1. How much length, in nm to one decimal, is gained on full extension between A:ASN226 and A:TRP141, taken as 0.36 nm per residue of separation minus their Cα-Cα distance?
2. Can you send over the carbon and sulfur percentage of the accessible area for segment A:229-318, probe radius 1.4 Å, protein chains only?
3. Summarise the long-distance tail of P(r) for segment A:161-299 by giving the % of C-alpha pairs beyond 28 Å.
4. Note down the relative contact order for segment A:505-627 as a percent, whole number, built from C-alpha pairs under 8 angstrom at least six residues apart.
5. At R0 = 45 Å, how high is the FRET efficiency between A:SER48 and A:ILE378 if r is their beta carbon distance? Nearest 0.05 is fine.
6. So what's Rg/Rh here for segment A:492-606, counting alpha carbon atoms and using the Kirkwood radius for Rh?
7. Provide the per-residue ³J(HN,Hα) series for segment A:652-660, in order, calculated from phi with Karplus coefficients 6.51, -1.76, 1.60 and θ = phi - 60°, each as a whole number of Hz, with x at glycine and proline positions.
8. Principal axis lengths of segment A:406-546 from Cα atoms, whole Å, largest first?
Amino acid sequence: MTDDARYDITAIQERWLPVWDELAPFRSGRPDDPRPKKYVLDMFPYPSGDLHMGHAEAYALGDVIARYWVQRGFNVMHPIGWDAFGLPAENAAIKRGESPALWTYDNIAQQKSSMRRYACSFDWDRVLNTCDPEYYKWNQWFFLQMYERGLAYRKDSNVNWCPECQTVLANEQVVAGLCERCDTQVTKKKLTQWYLRITDYADRLLDDMAQLEGQWPEKVLLMQRNWIGRSTGAEVEFVIEGRDAPVTVYTTRPDTLYGATFFVVAADSDLAMELAMGTPAEAEFLAYLDTVKQTSEMDRLDNSRDKTGVFLQRYAINPVNGERIPVWASDYVLADYGTGAIMAVPAHDQRDLDFARTFDLPVRVVVEAGEDPLVSGIATADDGPHVNSGPLDGLDKAAAIARILEVLQERGTGRPSVNYRLRDWLISRQRYWGTPIPIIHCPACGEVPVPLDQLPVELPPAEGLDLKPKGASPLGAAVAWASVPCPTCGGPATRDPDTMDTFVDSSWYYLRYVDPHDATTAFDPAKVREWLPVDQYVGGVTHAILHLLYSRFFTKVLYDMGLVDFTEPFTRLLNQGMVVMNGSAMSKSRGNLVRLSDELSEHGVDAVRLTMVFAGPPEDDVDWADVSPAGSHKFLARAWRLSGDVTSPVGVDPRTGDHALRQATHRALHDASLAVETFRFNVAVARIMELVNVTRKAIDSGCGPADPAVREAVEAIAIMLSLSAPYTAEDMWSRLGHQPSVALAGWPEVDPALLVQDTVTCVVQVAGKVKDRLDVSPDISEDALRELALASDAVVRAIGDAGVKVVIVRPPKLVNIVPN
RNA sequence: GCGGAAGUGGCGAAACUGGCAUACGCGCCAGGUUUAGGUCCUGGUGCCUUCGGGCGUGCGGGUUCGAGUCCCGCCUUCCGCACCA
């Protein structure tokens with residue numbers, strides 16, 4: 001073998017990288033670019049070290065999409081940046097004693113150079129880092145805009161606290177009672193914290209999902225719907241004996257009001273404390289509250305554990321029948337859902353029934369639906385005629401709900417109501433490496449926003465600060481930084497010491513890419529109109545709720561501010577799976593870590609990329625143990641070798657070439673286009689492989705290497721391969737006599753005439769079993785096909801002397817003969 | 001417990017509106033060319049078979065001329081939520 005005929009991927013990589021740097025084929029900022037625009041976005045990475053296998057998969061997939069649309073003639077904006085604030089930087093910094101900034105920027109530099117080598121089609125003129133003051137200045141600006149609109153506020157509440165990270169967490173960041181980041185058991189802490197009023201947008205976050213239907217994975221929409229958790233019901237007011245104001249409860253079953261036999265308030269609520277104080281139950285309650293507070297989130301979430309509670313020695317009055325029912329405090333009622341108090345209807349709510357059985361409280365059936373709950377121990381939630389319910393007797397659920405709401409509203413003791421599971425977004429964090437909250441606390445004036453012309457409030461240098469987590473933000477200890485005159489009265493005041501949740505940074509970064517270095521504004525609305533919303537977003541399903549919900553919320557706020565003219569930021573979403581090894585997530589401790597850099601040097605960039613793309617559907621996990629980068633390399637070498645066999649000149653007219661090969665080429669182009677557009681990238685690769693096989697045969701034992709159809713086929717292969725194997729494709733393109741870059745060659749136009757098959761294989765079945773195959777013209781008539789099929793020897797033999805009952809004819813592909 | 005998705009060769013996986021099940025690849029087997037080779041090329045590869053054929057898409061039913069695909073009931077796996085009144 002001559003040197004020229006050897007596929008040396010390392011040399012090929014060396015050859016083309018500098019050429020691409022020079023050419024910058026994916027620059028999207030030219031103002032006079034006439035191509036239609038498209039915005040393809042990959043979720044930006046957290047710079048925790050070098051790129052890993054997961055990045056390699058995600059960016060390989062995103063790149064196929066971005067490069068495809070470039071080939072189809074679009075001006076594609078495909079930017080990248082870094083989600084650069086966050087705890088790992090800080091923890092690493094504490095461990096090594098260097099500054100979080102240094103650690104972060106080092107990692108960014110490393111990832112950036114890896115991405116260049118990995119041949120990601122990013123527009124390198126648009127890079128942003130969220131930890132740059134020129135970026136986080138606008139986090140602060142947005143925060144103040146929201147503050148002005150009442151969407152950012154501070155409140156005292158029982159919040160999620162991660163003892164390991166030593167900071168509070170948003171609800172979304174607690175997974176099954178554990179910290180999303182470090183898997184530590186989360187505890188509760190009473191703290192004053194900053195919130196964004198995402199609950200104001202709950203309905204729009206739900207309703208606008210109609211725009212995303214069919215464009216986003218159904219799974220993500222479902223998860224968001226469940227997370228928001230809208231429920232409709234009623235508020236009902238109960239008078240409490242010895243208390244002036246009535247207490248409101250929320251219920252989804254106001255029709256069961258006559259079945260309320262007791263009343264429960266959340267043990268950790270202010271109301272419980274108030275109701276217990278001064279009663280004979282006070283001591284017992286305080287002791288109970290103590291044990292409740294010590295129960296971890298984990299144990300609390302175990303709903304099989306026994307119900308606990310304390311009778312507060314007080315009574316509530318049922319507003320519809322005047323009945324006196326006992327008031328209990330328990331931890332099975334949540335303080336921060338609804339009103340923190342419920343009417344208990346044990347016959348028709350399992351939790352209430354469990355409680356009633358534990359404490360021997362009465363159970364009254366008010367809906368006839370199967371067995372008596374008191375006997376069976378199973379509450380009946382089904383529909384049925386109401387009983388023991390005064391005016392509701394005989395009505396079904398829907399009618400009873402309507403009727404009782406009328407009654408309650410007439411008396412002014414109740415009304416329809418909607419509740420959400422979604423809570424406001426807690427955004428303050430007691431850590432250093434984040435965006436400082438731009439508020440100044442003044443003993444005289446209270447909360448004072450930092451004046452806009454003083455933004456950004458920059459982080460003080462980490463040097464000299466003790467970053468070790470100790471429950472309060474390290475920024476508070478930066479006295480020189482924190483002590484400022486009050487912007488309003490000039491008196492001594494202090495900066496808010498907390499920093500923002502990093503999900504604030506990622507809630508709007510996709511807007512910043514239109515001009516990441518704009519010093520005058522977060523983003524230019526005119527440029528945003530040109531590029532946004534994002535046409536195609538690509539990222540992991542881990543962000544199904546967190547990042548995607550927050551971004552949707554931000555977009556709606558910006559819409560209300562008149563800064564954007566769309567209400568959903570991401571038109572289409574693709575969730576890629578994970579890369580695992582032998583069935584489980586890769587990790588050093590499991591000993592199944594595969595290093596991306598090892599794979600790249602062993603198999604080459606293209607083989608790794610192709611393996612990711614070919615492994616299966618993009619949303620499925622790739623098990624590295626099941627796939628074959630060596631096989632991909634072998635295939636690429638086969639494809640590459642074709643480019644050395646072509647002997648016809650550049651620009652030769654393919655129309656005089658071999659017809660069958662041309663048909664194969666155009667069929668492959670057609671199928672691959674369709675597959676890419678529907679995210680079936682693995683199928684697209686399979687079609688290219690088929691064409692490579694067919695072309696090989698044509699050269700060796702068919703029309704021969706000089707046939708113009710061979711050049712057409714190999715050029716098509718190079719262009720199709722450029723989506724997932726850019727180095728190999730570029731080298732093929734060059735060997736075919738073209739100038740770089742193949743990335744801009746343009747997707748060959750498919751000739752529909754070449755998609756029409758000359759003959760079709762018609763399957764002839766007898767009683768549904770295939771007995772014969774006929775080569776027929778694709779436009780054969782039904783009658784002719786029937787005759788042909790019935791004349792078939794195999795068919796005659798199969799039917800024997802049974803005789804024919806029915807003949808189903810579906811020209812041109814199928815005949816089914818049903819014998820008697 | 002509630003909600004959702006998925007079960008196809010030894011393996012990763014294909015199959016548009018119901019119409020040739022297993023494309024493409026990995027692995028394996030055989031042969032060939034080189035031979036230092038893990039290179040390259042060709043062919044084979046669902047199961048059973050008395051070589052006629054029979055059986056095959058988790059299991060059991062159903063609809064249909066025809067079901068991987070549609071309907072009903074199970075089983076298994078994965079994911080999400082988890083005392084949300």
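1. Working: separation 85, 0.36 × 85 = 30.60 nm, distance 3.15 nm.
Net length gain for the segment: 27.4 nm.
2. 48
3. Values: 4144 of 9591 pairs.
Value for segment A:161-299 (Cα pairs over 28 Å): 43 percent.
4. Numbers: 133 pairs, mean separation 29.2, N = 123.
It rounds to 24 percent for segment A:505-627.
5. Working: r = 49 Å, r/R0 = 1.09.
Once rounded, the FRET efficiency stands at 0.35.
6. Here the Rg-to-Rh quotient is 1.11.
7. For segment A:652-660, the Karplus curve yields 5, 6, x, 5, 8, x, 4, 5, 4 Hz.
8. Between the extreme Cα coordinates on each principal axis of segment A:406-546 lie 64, 47, 32 Å.
The values are calculated or read from the model by the stated rules, or taken from the named source; none is laboratory data. What you are looking at is a predicted structure, and each value in this text was computed from that prediction instead of being measured. Every residue, glycine as well, gets a Cβ built from its backbone with ideal geometry; the counts of neighbours run over all protein chains shown. In case anyone asks, the SASA skips ligands and DNA or RNA and just uses the protein heavy atoms, side chains included. Shrake-Rupley method; radii C 1.70, N 1.55, O 1.52, S 1.80 Å.
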